[in-house]
1. By counting other Cβ atoms within 10 Å of each Cβ, how are SER155, SER333 ranked from fewest to most?
2. Round to a whole angstrom and tell me the spacing of the C-alpha centers of region 340-378 and region 106-139.
3. Need the list of lysines near LYS58 for cross-linking: C-alpha distance under 17 angstrom, and skip anything on the same chain fewer than eight residues off.
4. Quick one: Karplus J couplings for region 275-284, per residue in order, coefficients 6.51, -1.76, 1.60, θ = phi - 60°, nearest Hz, x for Gly and Pro?
5. Arranged from highest to lowest average of other beta-carbon atoms within 10 Å per residue, in what order do the peptides 376-389, 91-104 appear?
6. Using Cα positions and a limit of under 20 Å, work out the lysines in reach of LYS471, with same-chain residues fewer than 8 apart set aside.
7. Using Cα-Cα distances under 8 Å and only pairs 6 or more residues apart, what relative contact order does region 224-319 have, in percent?
8. Please report ASP401, ASP417 as a ranked list, fewest other C-beta atoms within 10 angstrom at the top and most at the bottom.
Amino acid sequence: MQILMLIIGLVVGAGAGIGVTTTILRNRLLAKSQQVLKDAEEKGEIIKKDKILQAKEKYLQMKGEYEKQVNERNGKIQQAEQKLKQREQTLAQKVEELQKKSNELKTASENLNGQIELLNKRKAETEKVYKQSIEKLEHIAGLTAEEAKQQLVDSMTDEAKAEAANTIIDIVEEAKITANEQAKKIVVESIQRTATEHAIENTVSVFNLENEEVKGRIIGREGRNIRTLESLTGVEVIIDDSPDAIILSGFDPIRREIARLALHKLVTDGRIHPARIEEVVAKTRRQIEQEIAEVGKRTCIDLGILNMNHELMRMVGRMKYRSSYGQNLLQHSREVANLAATMASELGLNPKLAKRAGLLHDIGKVPENEPDLPHAILGMKLAEKYKEHPDVCNAIGSHHDETEMTSLLSPIIQVCDAISGARPGARREVVEAYINRLNKLEEMAMTYPGVVKTYAIQAGRELRVIVGAEKVSDVEANKLSYDLSRQIQSEMTYPGQIKVTVIRETRAVNYAK
């Protein structure tokens, strides 16, 4: 349309002076424009129809998809409705069952109430009959129910005690059969494989002289030499009528050894005066300290103990000059170490730790300063101070039951210490303490009822108790032996073990005349 209007404008703008040709051209252009308009209208109709068809197809497609979705949703809704109907039916059935059960429970409850009432009536009747029977029995027996009950309890108690005593005996015998043989085997093998010498030490040392003339030189003018020696060594020098001998008295073996060696050097050298005595004593003290360190080191090497603190090794060396109940402390500790290593090997434990703990178990007896602590606790603290193994520290501290045992090594050290101290001749005992222990054993046994006589024999290793046959039965004799052994174990301190033998016998004596 715009092109047509433009052409018409151009034609009109050219002027009226154009002729017939212009008119014809205009008519042609008009016809052509009309034809173009007609073609455009036809194309527009065709495009319009195509668009309408496309729109209808799209609409049908969308309508089909929507109907499909609607159908799917309807199907799901129907399925859900069916499930709900099924659940409703299930719930209805359950409600019916619950109602039936409720009715059954009501019926059962009513029946139970009836039975309870019936039982209550029967219970009342039974109690009445029971009371009547009790009254009849009390009248017949001449005892009340409490008295009869007490007699029954006493009888059952006696039977229970007898059975308990028999059970204890059976348990002990069974334990002995199973464990005693193995324990004895281990202990005996350990003792047989470990041998040591026992030296009985006293509180005095004897220094032998070649002749009596030396005594005067040792005493010195107005006793200056002997006073100097005593003040420097802390040992009492006793010069009496003993021929060719001087006695050195003191409780510290190290001091006695220093005095003995210094006196030997002075007598050998011949120069005996206060200045020379002071010089020799100082030199001897240094020599003893060096020897102590070497003894400790050599002991550790002999036992195969490595990486021990130097201060602990020095304490081990000091054990050489200490004694316990007359038993040399270093020999005792070495023996305990060897015994403990042997036992640990037999039991599948660490023999090196056992040997270390055995050597150090009495280390608390040789400190330079002596605090107010038991030697086991002091030894444990020293071992902890010098970074020993925790099992070794516990074994040292608990070998006299002063701390709780936390490892298997601790009872081994305790047993080996007892074995070493209990060997014949290993330790000497003060006569007075020995007699007191025997008397206490006999007095303790006499406190039990039915005991007639007691005898402590075999140096206090066995206690024989004679009981009256008419006062003590066989079962009570077994119980007496067990109770007495437990009391001795808890109240007395002794080396080794004490055997308790209870003797009960019946004698029938008649005379032929």
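Rule-based calculations on the coordinates, nothing more; no lab input. Not measured: the values here are computed from a predicted model. All Cβ positions, even for glycine, are placed from backbone atoms using ideal geometry, and neighbour counts span all protein chains on display.
1. Final ranking by Cβ density, sparse to dense: SER155, SER333.
2. 74 Å
3. Qualifying lysines at Cα under 17 Å: LYS48, LYS49, LYS68.
4. Running phi through 6.51 cos²θ - 1.76 cosθ + 1.60 with θ = phi - 60° gives 5, 5, 4, 4, 5, 5, 5, 5, 5, 5 Hz.
5. Final packing ranking: 376-389, 91-104.
6. By straight Cα distance, LYS471 reaches LYS161, LYS453, LYS479.
7. On the way: 91 pairs, mean separation 21.8, N = 96.
Relative contact order comes out at 23 percent.
8. ASP401, ASP417
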